[in-house]
Structure formats: structure tokens, C-alpha cells
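**Q** Below you'll find the structure I mean.
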Amino acid sequence: MTGKDSQHLADKVAEATRNGIGQMSAAQLDLGWERLANALDQGRGPSLPVVARTPRWRLGVAAAAALALGIVGYRLVSPRQAAPLRYVVEGAQVVADERVVAGPTDPAKLIFTDRSEVRAAPATRLRVASLDARGARVALADGELDVRVEHRPDTSWRFDAGPFSVWVRGTAFNLAYDAQRGRLAVRMLTGVVEVRGPSADRAITLRAGESIELYAGPRSKPVAAAAATGSALAASEAPVAKRIPEPSRPVPHRRVAVVERPEVAVERPSWSRLIARGEFAAVVEDAERLGLDQVLSSATAADLTSLADAARYTRRDDLARRALLGVRWRFAGTAGAKDAAFFLGRLAEAGHGSAALSWYDTYLRESREGPYASEALGRQLVLLARTDRARARQAAKSYLERFPGGSQAELAKSLVE
Amino acid sequence: LVEGQPARNDADDATLAVEALAGKRWAQREIWYRFAPMVYGLLRRSLSARRDHEDLAQEVFVRVFRRLHTLEKTTALRSFIYSFAVRVLSEEIRHFQVLQRTRSQLVLMAETGGSAPVDYEARDTLLRIQHILDGMKDKHRAVFVLRHVEGMDLQEIAVGLDISLATVKRYLVKAMAAIERAAAHDETLRDRLGLSVEGRGGNA
């Protein structure tokens, strides 16, 4: 790289860093001041000693001391007081009765003083029903939430959605409730939750990697699907449930079956259902009818993923790419966002090989044991074998160590030999 | 506002320093709201996502208020706070495992408003740059950020981080090498940054 290019690169990276990284939100400022004011009220000193210079030979001793002091300091400022939690909202207003309505195109985020966060998808309606020192009770009227509850020994959070409730102790999960269809969907990322129906004496326990969809049905409806899957929900509650246990080899969340309640009049089939029927063009047409910008900025993760699938199957690569980038940005950190990196790699293979390699790197970094890990590493192998034999050999060794019986094992062996 | 104090966000830095030193809560609050974004931005850009930048910002301001009596020129409040931020940054780099902070979630605040189309490409570009920065050693990253993002000169960086001028230069070279290496393997990023084809390296 020439000196001019190097300077240009430094300038560009610096500019992007300056403009895009490190902005402090209004909520962070408010919470930060609250913490600082508390610390000043308590006469708290710095957690590390204020010293002009630390001789290098004393760094080890200082580090040990700082460790002890630091932990004490952290405890002091950590918001584990007995007072009820408080929260601030980003991207939406709190109206009467602690109701929060996310805008039609932008998500909202609730940040609690115990550092738990609830991210509401656009157009989601919710209410913070109550707060205490151990957690909050949040009522989801309609829409989708990404929840990350900070785990503490006494944590107790509850999310109500229609006739259902989700009890939480410390976890991350996605919760969606469609009020019109009475459909509840819970997708676990980490931790454990209990999902309960209208009578709270029975519960379904969900663990990391598991998903569930429930439909609030009439009390007379039999629960064949629930019984078939060993659901603990009572028949009298009549939700139709499908529980997908964590498999020995992870499968993408998108494979979770959708169980529709037959007698419910659905205005239009869900995109995942259209995908299951092979009606890919219908999904793309539906998205175009609704407006692509609107869909990309407000659709649920499941719908965006379905749209990306449909676009890929109908060779609308640019749309697929936009949908997948949307999943990665709007639902960052979720399994869907991680999987999107793999599919972006597949799409990129049609253009620049290095862009595909970069996406596969991203996928493998984020999902080393993910469902597409074997394929991502295999695709890297194939691409590198054409362009960079030295890196290909390294990748081949890695591939054979991890997937000795994989589909690219023969290629890997030939590269190693 | 607290203690029934009137809003004084038009107060100049010198007034704020004097009033905060006198224990006026409104002035302390105004100092936080005025300078916390600067401090947080410096820390967030300079240190990897593994660190708890909000905790570190708290640390900076606790120190600032504890040492406010040592501020000689009250008009220099901004640089006084900045120097504490650089000091905490320097110490955090050296004592990098002190608190084992675990907040690893990348948080880039979305500033887009209304119904304007969302530029996912720009965000993706930013994530790629963030990834490059996160892959660098903190000391290299901090020197790069202080030099190229914050615009400090090499001597200021050396004093602020308590390292020699030669070390600053060496870290800067290593930081640039890491960025060039990463860019060489990321054709998408190079295209988006408008880097010339002749400047491409790596396996491109």
C-alpha cells in the first residue's frame, strides 16, 4: 500500500470512527448522571488510586491493589440497591400508565437501572406494569421484544402477553406477540424461562436454543399438538403448542415449525408459511407491495429472514442482501443475525471472493459451533484453493481437525498433502 | 434538575468549575452533561468492546470532582477533564484485566430518525471498522485514535499515555499495519472506503 493510500485509509477509518463510534445516547447520559450523583453523595473515591505516574516495576503490585479496590468500587456503584428499579426509554415516549409505543419505523429500547435491556421492534406496544428491586413486570400488548435480563440471585422478571406469561431469572430471548392472531412466540438465546398459559399452575420450561409458538384458542379446542410434544400446558387452556427441543446438532431458528390455529381467520399467510409452501415469489411481491424500505426497517426478524430466503430463491440477490444486512443490524447478536453472515457470504460468492471470505470469517467468529460452521469453513476452503494456496492449506488443516468427514474433506486432504 | 436549582446550561466552563468546586450540584450535573460525551467517546473509540466504557467514564468524573481543587485555570476545565480521561485510558490499558468487565455487546446507537431509508451498508461498514479496531491491541488502538481521531500530536500522546515518543511512533506504525492488513482482506470495505485498486494488497 502506498503512503498516499495508507494516509487515505487512516483518514477514512478515523472519520468513520469519529462519526459512528462512541456516541453517547441521552439515556446513557441520564443514567450516567444518576450513577455519578449517587457516587458523589456517598463520597465515593476513585476505584483506582489517583497517581501521577506509576513506576513500571510497581505495576504488578498496583494491579493487585487496584483489583481489590476496583471490585469494591464496582460493588459500590453497581445498582444493586433495594430501591425499585427504574428505567429510561430510548426512541419512544412513555405515555400514560407507563405505556410505551415504538414508532412505526424505529425500534425503542428500555434500559433499566440493573442494566437489563428490552428492545422493542417498531410499532410494538408495551407497558411497564410494575417495578420492584428484583425486576419488572412488562405487559406486551402487541409486537416483538428482544430481552436481556441481567442475572442476579434474586432476579424476578415477568413478561405478560395476552393470556400468556414468561417468567425470567436472567436470560436473553426474543418474545413476540401477535394480538390479532393470539400468537405468542418465544425464542431462547441464553438462560431459562418458564412460559405459562392462563392458569399459572402449569408451565413450559424453555432453555437456550429452544423455541416455542403458542396460540390462544377456545377452551373447547383439543390440544393434539401440545400433547404430541409433551407440552405441560393444560388442555383446558387450549393453546396449540409446538416445542422444539435443543437438538444435538444446532439447527437454525428459522426451521422452527409454525403451528397455526386452524379456526383463526388469518388475513394473509405468514411469510414463513409461504416459504414452506414454496411460494417464494409471493413473499417478494408482498414485501414490494408493503414497501421495501418499510419492510426492511420494521419487519420482525422472522419475516426479514423469510424475505431473504424468498429473494435468494427467486434470484433477487440485491434484495436478499439488504434483508440479511437488515437482520444483522436490527437484530444484532441473535442467532438469525449470525446466520445472516453465512448467507451474505453465499451471496458474495457471486461477486468478490474476498468479500465472501470476509463474511465466512465473520460467521465463524460469531458462531464457531453454529449450524453452518462446516459449510462456511468448506466454502472458505474452496475459495482459497483457487486464490491463495498457503491460506488454503491452513484452512484445510483446520477443516480436517473439525470436520474430518465433512463434504470438503477430500479437497482438504488434497491441499494438506 | 435537583435541589431546585435553575438551569444554567449557558454557564461558561470557568463558572461551572468554580460552582462545582463550591459543591453546587447543578454545576456538577452540567459538567457531566457537557463533557461526558467527549470522555465516553474517547474511551469507547480507544478501548475494545470488552471494556465497560460507562464505568470508566464514571471513574473519570469521580476523579475530576475529587481533584477539581487542583485546577489552576478554571477556563481550562475541558482540557483538565480530557487529561483525566487520557490518564484513565492509559491506566486501563496497563491494568487491562483489573475489573474483568464483561460487557461485550457492541452498541452503536442508531441516529437515524423518521422514516428515512435505513443505510445498512453504512452501518455494516462501521461494524467492519469496529471489528478491525477490536482486533488491535489496546495500546496500538489508543495511539491510533488519539492521533487520527482526536488529533493529538505525538508528543501530547507520549505525555498523556506516559510512554516515550519512539514508542508512540512504533505503536502508530503497528496500528496502521493492522488496519492495512485487515483492509487488504476485506474487499467490500476497501470499495466502500473508496480505496484505489493500486493500493490493494493481500490476496486481492
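**Q** Which residues' amide hydrogens lie under 5 Å from the amide hydrogen of A:ALA179, considering only partners 5 or more residues apart or on another chain, with H built in the peptide plane?
**A** For A:ALA179, whose amide H was placed from the backbone, the distant partners under 5 Å are A:GLY143.
**Q** Moving on to the next point. Fewest to most neighbouring Cβ within 10 Å: what's the order for B:HIS185, B:HIS148?
**A** B:HIS185, B:HIS148
**Q** Just counting partner chain Cβ atoms within 10 Å, what average do the residues of peptide B:130-138 show around their Cβ? Kindly include the intermediate steps, with their values, before the conclusion.
**A** Numbers: counts 4, 4, 2, 4, 0, 1, 0, 0, 0.
Counting Cβ atoms of other protein chains within 10 Å of each residue's Cβ and averaging gives 2.
**Q** Cα to Cα, under 20 Å, and not fewer than 8 places away if on the same chain: which lysines meet these conditions relative to A:LYS397?
**A** Straight-distance partners of A:LYS397: A:LYS413.
**Q** Return the sequence-ordered ³J(HN,Hα) values of the stretch A:129-142 in whole Hz as given by the Karplus equation 6.51 cos²θ - 1.76 cosθ + 1.60 applied to θ = phi - 60°, using x for Gly and Pro.
**A** 6, 7, 9, 9, 5, 9, x, 9, 10, 10, 9, 8, 7, 6
**Q** Which far-off residues, 5 or more places away or on another chain, put their amide H under 5 Å from the one on A:LEU189, with H placed in the peptide plane?
**A** Long-range HN contacts for A:LEU189: A:ALA172, A:PHE173, A:ASN174, A:GLY209.
**Q** May I ask you to list the lysines whose Cα is less than 25 Å away from that of B:LYS24, ignoring any residue fewer than eight positions away on the same chain?
**A** Those lysines meeting the cut-off are B:LYS73.
**Q** Going by how many other beta carbons lie within 10 Å of each one, how would you line up B:TRP32, A:TRP33, fewest first?
**A** In increasing order of surrounding Cβ atoms, one gets A:TRP33, B:TRP32.
**Q** Moving to a separate point now. Would you tell me the mean number of C-beta atoms belonging to other protein chains that fall within 10 Å of each C-beta in B:178-191, as a whole number? Provide the component values of the computation, followed by the final result.
**A** Numbers: counts 0, 7, 5, 1, 3, 6, 3, 6, 8, 9, 9, 7, 6, 2.
Other-chain Cβ atoms within 10 Å of each residue's Cβ, averaged: 5.
**Q** For the stretch B:132-189 and the stretch A:338-417, what is the centre-to-centre distance using only Cα atoms, to the nearest Å?
**A** Measuring centre to centre over Cα atoms gives 31 Å.
**Q** Shifting gears a bit: Return the average number of partner chain Cβ atoms within 10 angstrom of each residue Cβ along peptide A:34-40. If you can, show how the numbers build up before the last one.
**A** Values: counts 1, 7, 12, 5, 1, 5, 9.
Going residue by residue through A:34-40 and averaging, the value is 6.
**Q** Can you list the lysines whose alpha carbon sits under 19 Å from that of A:LYS12, skipping same-chain ones fewer than 8 residues off?
**A** Answer for A:LYS12, where 19 Å is the Cα cut-off: A:LYS4, B:LYS174, listed by chain and number.
**Q** Taking the beta-carbon count within 10 Å as an exposure proxy, list A:LEU126, B:LEU195 from fewest neighbours to most.
**A** Numbers: A:LEU126 27, B:LEU195 21.
The order, fewest Cβ neighbours first, is B:LEU195, A:LEU126.
**Q** To continue, here is another question. Kindly write out, for the stretch A:275-286 in residue order, the coupling ³J(HN,Hα) from the Karplus curve 6.51 cos²θ - 1.76 cosθ + 1.60 (θ = phi - 60°), rounded to whole Hz, with x marking Gly and Pro.
**A** Here the 3J(HN,Hα) series is 4, 4, 7, x, 8, 5, 4, 5, 5, 4, 4, 4 Hz.
Read the figures in this text as sums done on the coordinates, not as results from a lab. In this text the structure is predicted, and so the values were computed from the model without any measurement. Virtual Cβ from ideal backbone geometry, glycine too; neighbours counted across all protein chains shown.
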